[in-house]
Amino acid sequence: MSKRALNPPTADTVATVDTEAQPTHLFSLKPKRGPQSRQFDEQALSFGTSVRGSGVVWATMSAMTLRRLEIIPIDGLPEIRPGDDLAGMIMSACASSLGDHEQLQDNDVLIVSQKVISKAEDRLVKVDPNDPQSHKPLVLAESHRVIRRRGDLIITETKHGFICANSGIDRSNVDADVACLLPEDSDRSARRLRDAIKGRLGVEIGIVVADTFGRPWRRGLTDIAIGCAGILPILDLRGTEDATGRELHVTEVCLVDELAGAAELVRGKSTGIAVALIRGIDPAWMGEGSVVGEIVRHPNEDLFR
């Protein structure tokens, strides 16, 4: 990959600096080796500015584009029941939250809580409301194998390949006598939702199904993607260069996990907001892929199995 020599900016390069201006785009990315590729070529490179105090900081980027992203909570989604028209309900909530002049657009990405997907698909099981452990038999039934046990906590590998607590079964934000299971196929759920919205509005959007997981050897929870459609799961930057010109050999960015985590900042855990819209995604990031097929690590590649 070629790289142009860069000279420091001069007085002729910059006439004025708008202290309120957003950072400019430094790169344009284009797919390499077909639409399913996760690699990108450098198409153009230029100087850009960001304002820090009264000075100007000059920067270059070697693989990705400086972009301004908007993360918008979608309020007004009613309680979801089995068999509900989830696509129609989300579109109505978007119309209410966004206003008529800012309806869903091409390259928008909707981050949708796993819980509403599971409710719409009737992945709900009755349990004893007076027994906080009554869902434990479901944990084993929904697991592929048990990884670890400690007291009431069970870490399992689900049938999808996810490593998580209690096979992803959750009793929050549901009726007291109900346990909520993960969707049978979250990628399929995302595709169905994407196709339903596209069929009605004619827009090309991405869908990320998000759930809250812990991380090995780290405290705290974060939202990650358990299903996606219309958005590339992985941006493969191997073969591109870092800011110093060194070739990247192992860097694969889990795009959908980053989007899921960012959206959780506006959705929260107790607000009742199940959907967030992310606007400003690079169109080159839109495409087809699968969380289970591309993000879940195969056992042959796992150093801990």
Checking Arg81 against (1) modelled with pLDDT of 95 or more; (2) assigned to a helix (DSSP H, G or I); (3) farther than 16 Å from Ile273 by Cβ, the condition it does not meet: (2)
From the options Leu110, Leu153, Leu124, residue that is over 23 Å from the mean Cα position of the chain (by Cα) and modelled with pLDDT of 95 or more: Leu124
Looking only at residues that are among the charged types (D, E, K, R) and surrounded by fewer than 17 Cβ atoms within 10 Å (Cβ to Cβ) in the range 252-286, which one is farthest from Asp236 (Cα to Cα)? Lys269
Could you identify the single residue in Leu140, Leu221, Leu201 that is within 30 Å of Gly287 (Cβ to Cβ) and out of contact with any Ser or Thr (no Cβ under 6 Å at 6 or more places or on another chain)? Leu201
For Arg219, which of the numbered conditions (1) under 26 Å from Ala276 (Cα atoms); (2) surrounded by 15 or more Cβ atoms within 10 Å (Cβ to Cβ) fails to hold? (2)
Condition broken by His135, with the remaining ones in (1) over 22 Å from Ala276 (Cα atoms); (2) modelled with pLDDT of 95 or more satisfied: (2)
Could you say which residue among Gly230, Gly268 is modelled with pLDDT under 95, on the phi > 0 side of the Ramachandran plot and within 16 Å of the chain's Cα centre (by Cα)? Gly268
Residues being within 20 Å of Ile154 (Cβ to Cβ) and within 19 Å of the chain's Cα centre (by Cα): count how many of those fall in the range 185-219. 5
Pick from the range 247-265, criterion of a type in the set (D, E, K, R) and more than 17 Å from Met286 (Cα to Cα), ranking: farthest from the chain's Cα centre (by Cα): Glu247
Can we say Ser189 is surrounded by 17 or more Cβ atoms within 10 Å (Cβ to Cβ), in contact with an Asp or Glu (Cβ under 9 Å, 6 or more places away or on another chain) and farther than 19 Å from Asp85 by Cα? no
Which ranges mark the strands (runs of 3 or more DSSP E) fully within the range 227-302 that have 3 or more residues being touching a Leu at 6+ places or on another chain (Cβ under 8 Å)? 275-279
So which residues in the range 103-133 are within 22 Å of Glu184 (Cβ to Cβ) and surrounded by fewer than 16 Cβ atoms within 10 Å (Cβ to Cβ)? Asp122, Lys126
Scan the range 205-226 for residues that are closer than 23 Å to Gly289 by Cα and outside any strand (DSSP E or B) and jot them down. Ile205
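The values are calculated or read from the model by the stated rules, or taken from the named source; none is laboratory data. Note that this is a predicted model, so its numbers are computed, not measured. Backbone-built Cβ (ideal geometry, glycine too); neighbour counts: all protein chains shown.
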